[in-house]
There are 2 protein chains.
Amino acid sequence: MTRMGEVEWLSDREQRVWRSLLRAQAGIETELDRDLRRTGGLTLVEYGILVALSESPGRRMRMRRLAEEVLVSKSRLTHQISRLESAGHVRREPCEDDRRGFWAVLTDQGAETLEHAAPGHVAAVRGRVFDRLSPAQVDALGELMAILEIDDPATLPGPSGT
Amino acid sequence: MTRMGEVEWLSDREQRVWRSLLRAQAGIETELDRDLRRTGGLTLVEYGILVALSESPGRRMRMRRLAEEVLVSKSRLTHQISRLESAGHVRREPCEDDRRGFWAVLTDQGAETLEHAAPGHVAAVRGRVFDRLSPAQVDALGELMAILEIDDPATLPGPSGT
DNA sequence: GGAATGTAGTTGAAAATTGAACCGTTGTTC
DNA sequence: GAACAACGGTTCAATTTTCAACTACATTCC
């Protein structure tokens, strides 16, 4: 079907699906971000960082790990944490057993901010996504996103898998 | 179910789906952007702009309309177009019948750049999305994204609709 | 026709992001 | 144990994005 040098174009159907996907993506992100910023005083990424920390043992996480968790570059995380630090939401602590490393630690104030922001954000997520879907559709969405979130196409089951 | 002042939290299932969604979103965007930048010398947004123009009659579009089409702010579009203009991909033309307005016009060079970038990008989209899904799954994805791309929850059919 | 109001698009400065270069530490290899 | 690669994290400069004015034209309404 696909020959060397030839590229199989997207079908009309795929084209439409792809554009819907892009629009849905953009819409969800910008709306939730705007909402969260307004009601909770946080960015979507900042929120993600605080959540990750709050769920981690000792409310702390190494920078590298945290960067992977929230899917941002090392550099960006450094800046992000600096801002959160000067806002009092996070504190940096040197790592005992690896003197290159630092812990990003959620402060009480940060936890408070998070708890304050969470209900509104959850409501927004519901309104933007889950309230629109039947349970079956949520399942379908979960299945699809599980496939699409994987970076490496090699480790995949599925139609092209066998 | 939902009482005043109370917020219904996400179920475990929803939580997992939500995180998958976020990761899939981020993964798709950053990977396709990186790829497109490397092989085509364009940003995902720039690509979107050129595509929109190429498909519009006269290869041109008013700024406002274009901004809506590619889902960026007016301001950002101005800058974006300025860059594309100084790269020779786009040209601005004053609008005859509305002297406030401008056309963003795709140049031949821009069209060429686009055509050169497209195959690689399409291949990347395939690899990142469609090759991983069965036709039935593509249909399901399309249905879901069609629901989620809509901004205004009011104009919705669906489970909460009646 | 003229005052008010809305719309198209730009500007400019502040803030955020990127990417490469960098520093100090850790791990590995011989 | 010395040399060297790899890692964790920051820094700096360049680029991009954002947000709030702002200009100029268009539209409305009396």
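Quick note: the coordinates plus some simple rules give every number you see, no bench work behind them. These numbers come from a predicted model, not from an experiment. Counting neighbours? That spans all protein chains shown, and the Cβs are built from the backbone with ideal geometry, glycine included.
Would you kindly derive the ³J(HN,Hα) couplings of the range A:93-99 from the backbone phi angles with the Karplus curve 6.51 cos²θ - 1.76 cosθ + 1.60 (θ = phi - 60°), listing them in order in whole Hz, with x for Gly and Pro? With the stated coefficients, the range A:93-99 comes to 10, x, 8, 4, 8, 9, 6 Hz. The range A:67-101 and the range B:52-81 have Cα centres spaced 38 Å apart. Entry note, the range A:16-148: relative contact order of 26 percent, from Cα contacts under 8 Å with a spacing of 6+ residues. For the peptide A:26-35, the mean number of other protein chain Cβ atoms found within 10 angstrom of a residue's Cβ is 3.
For peptide A:66-78, compute the average count of partner chain beta-carbon atoms within 10 Å of each residue's beta-carbon. Mind showing how you got there, number by number?
On the way: counts 0, 0, 0, 0, 3, 6, 2, 1, 0, 0, 0, 0, 0.
Counting Cβ atoms of other protein chains within 10 Å of each residue's Cβ and averaging gives 1.
If you filter the range B:1-109 for chymotrypsin sites (Phe, Trp or Tyr not before Pro), then keep DSSP loop positions with at most 13 other Cβ within 10 Å, what is left? Intermediate values should be presented prior to the final figure.
Working: sites: B:Trp9, B:Trp18, B:Tyr47, B:Phe102, B:Trp103; in loops: B:Trp9.
Listed in order of number, the matching sites are B:Trp9.
With Rh defined as the Kirkwood radius, the inverse of the mean 1/r over Cα pairs, the Rg/Rh of the range A:1-79 is 1.20. Relative to the longest principal axis of the C-alpha atoms of chain A, give the angle of the C-alpha long axis of helix A:74-86, reported between 0 and 90° and rounded to the nearest 10°. It works out to around 40 degrees. Remark on B:Trp103: its backbone amide H falls under 5 Å from those of B:Glu93, B:Cys95, a criterion applied only to residues 5 or more positions apart or on other chains, H modelled at 1.01 Å from N.
The amide H of B:Val90, built 1.01 Å from its N in the peptide plane, has B:Glu85, B:Thr107 as neighbours under 5 Å, considering only residues 5 or more places off or on other chains.
Would you mind computing Rg(Cα) / (2.2 N^0.38 Å) for the range B:26-148, counting N as its residues?
On the way: Rg = 16.0 Å, N = 123, 2.2 N^0.38 = 13.7 Å.
My calculation over the Cα atoms of the range B:26-148 gives 1.17.
At 7 Å along the Cα-to-beta-carbon direction for both B:Arg16 and A:Lys74, put a label point, then send me their distance in nm to one decimal. Spacing of the two 7 Å Cα→Cβ label points: 3.3 nm.
A:Glu93 label point (Cα plus 7 Å toward Cβ) to equivalent points in the other copies: 6.5 nm, shortest first.
Residue-wise HN-Hα couplings along the range A:117-131, as the Karplus relation 6.51 cos²θ - 1.76 cosθ + 1.60 with θ = phi - 60° gives them from phi, are 7, 4, x, x, 5, 4, 4, 5, 4, 4, x, 7, 10, 6, 5 Hz; Gly and Pro carry x. Take A:77-89, B:138-150 and order them by the average number of nearby Cβ atoms within 10 Å per residue, most first; the result is B:138-150, A:77-89. Approximating the spin labels as points 7 Å out from Cα along Cα→Cβ, the A:Glu31-to-B:Glu85 distance works out to 3.3 nm.
Residue-wise HN-Hα couplings along the range B:8-25, as the Karplus relation 6.51 cos²θ - 1.76 cosθ + 1.60 with θ = phi - 60° gives them from phi, are 6, 5, 7, 5, 3, 4, 4, 3, 5, 4, 4, 5, 4, 4, 4, 5, 4, 3 Hz; Gly and Pro carry x. The C-alpha atoms of chain B define a longest principal axis, and helix B:135-148 lies at about 90 degrees to it.
The residues packed around A:Leu32, meaning those with a beta-carbon under 13 Å from its beta-carbon, carry a net charge of -1 if Lys and Arg are +1 and Asp and Glu are -1. For the protein assembly as shown, the Cβ-based charge dipole about the Cα centre amounts to some 880 debye (Lys, Arg positive; Asp, Glu negative; other atoms uncharged). All alpha carbon pair distances within the protein assembly as shown were sorted into 10 Å bins beginning at 0; the resulting P(r) in whole percents reads 5, 22, 28, 27, 15, 4, 0, 0.
Helix B:44-55: angle to the longest alpha-carbon principal axis of chain B, degrees 0 to 90, nearest 10? The angle comes out near 70 degrees.
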